[in-house]
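Enquirer: Let me begin by handing over the structure; questions about it come next.
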Amino acid sequence: MGVPVDKIKVFLRSSLFFLLFTMGIIGFATYILLLVPVTNLSQRRRVVPSWGKYNRAILAATCGLTVRVWGRENLPPPPYVILCKHQSAWETVTLQALFPECVLVLKKSLLKIPFFGWGLMATGQIAIDRSQGVKALRLMAVKCQEVFDVGRTVLIFPEGTRVEPGEVGKYNPGGVGMALTAGVPIVPVAHNAGSFWRPRAFLKQPGEIQLRIGAAIPTAGLGKGDRKALTRQVQDAVEGMMAEINDSWKDGQTP
């Protein structure tokens with residue numbers, strides 16, 4: 001008995017996406033590196049949303065994977081902290097298109113990837129070594145404040161690592177702490193990308209990712225003593241939107 005035709009199509013389409021994605025990384029990273037001697041950091045960061053748009057376009061064209069966004073009206077003026085559900089590589093490579101002012105907080109090990117890591121460094125993305133504990137948090141606080149000072153936004157995955165659809169990871173308080181220290185709002189974001197592009201998976205299923213932006217949570221006037229309660233509030237907001245996304249699916253829509 002042979003492999004079902006649908007599975008072959010998904011594999012071929014995912015392979016084509018991977019080829020175009022790799023070419024995009026090399027192309028955009030090379031362009032950004034060429035800009036280093038003649039531009040400042042702010043100018044190089046303006047290239048990043050174009051990379052996110054490129055990735056969204058090739059995902060739609062090759063894999064039939066698109067996204068629908070609700071709640072754009074909830075975004076306050078920058079700066080703010082986005083605390084986003086983490087289910088897939090999709091967030092890392094496309095959210096710059098949805099949030100063009102954002103700077104990512106990500107694992108330091110990603111800087112070792114040729115071209116991709118070089119592009120991250122040249123555009124001032126915030127890379128931390130979580131094994132360093134408190135030292136890493138202090139460095140992240142300094143880097144985040146530098147981002148806020150120039151009117152940009154920070155995107156953090158509070159669960160730290162990608163989780164399977166339906167799972168809830170531990171919500172770390174670091175992102176909330178950054179927002180409290182700077183006195184900027186927190187924007188909770190939920191999506192179901194992992195149902196189409198699973199954590200650490202090669203295959204991408206066709207469909208429409210739902211992404212929801214929740215109401216901004218103010219931090220002005222709050223102190224470090226409120227961090228635990230605020231982290232819980234963020235978790236409730238994100239997971240509440242996840243439940244709404246799951247409930248909104250009609251029969252037959254689940255991949």
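Enquirer: When you check SER248 against the structure, is it of a type in the set (S, T, N, Q), surrounded by fewer than 20 Cβ atoms within 10 Å (Cβ to Cβ) and over 19 Å from GLY183 (Cα atoms), yes or no?
Expert: For SER248, the condition - of a type in the set (S, T, N, Q), surrounded by fewer than 20 Cβ atoms within 10 Å (Cβ to Cβ) and over 19 Å from GLY183 (Cα atoms) - is met.
Enquirer: I'd like the full set of residues that are touching a strand residue (DSSP E or B) at 6+ places or on another chain (Cβ under 8 Å) and more than 18 Å from ASN55 (Cβ to Cβ), limited to the stretch 65-81.
Expert: Answer for the stretch 65-81, where residues must be touching a strand residue (DSSP E or B) at 6+ places or on another chain (Cβ under 8 Å) and more than 18 Å from ASN55 (Cβ to Cβ): TRP70, GLY71, ARG72, ASN74, LEU75, PRO76, PRO78, PRO79, TYR80, VAL81.
Enquirer: Let me ask you something else. Among the residues that make up the stretch 102-109, is at least one of them at pLDDT 95 or above and farther than 22 Å from MET140 by Cβ?
Expert: Checked the stretch 102-109: no residue is at pLDDT 95 or above and farther than 22 Å from MET140 by Cβ.
Enquirer: Given PRO77, PRO37, which one is part of a loop (DSSP other than H, G, I, E, B) and out of contact with any helix residue (DSSP H, G or I) (no Cβ under 9 Å at 6 or more places or on another chain)?
Expert: PRO77
Enquirer: Let me ask something additional. So LYS85 clears everything in (1) at pLDDT 95 or above; (2) at positive phi except one condition, right? Which one?
Expert: Of everything listed in (1) at pLDDT 95 or above; (2) at positive phi, LYS85 misses just condition (2).
The values are calculated or read from the model by the stated rules, or taken from the named source; none is laboratory data. It should be emphasised that the depicted structure is a prediction, and the values quoted were computed from it without experimental measurement. Heads up, the Cβs are rebuilt from the backbone with ideal geometry, glycines too, and the neighbour counts pull from every protein chain shown.
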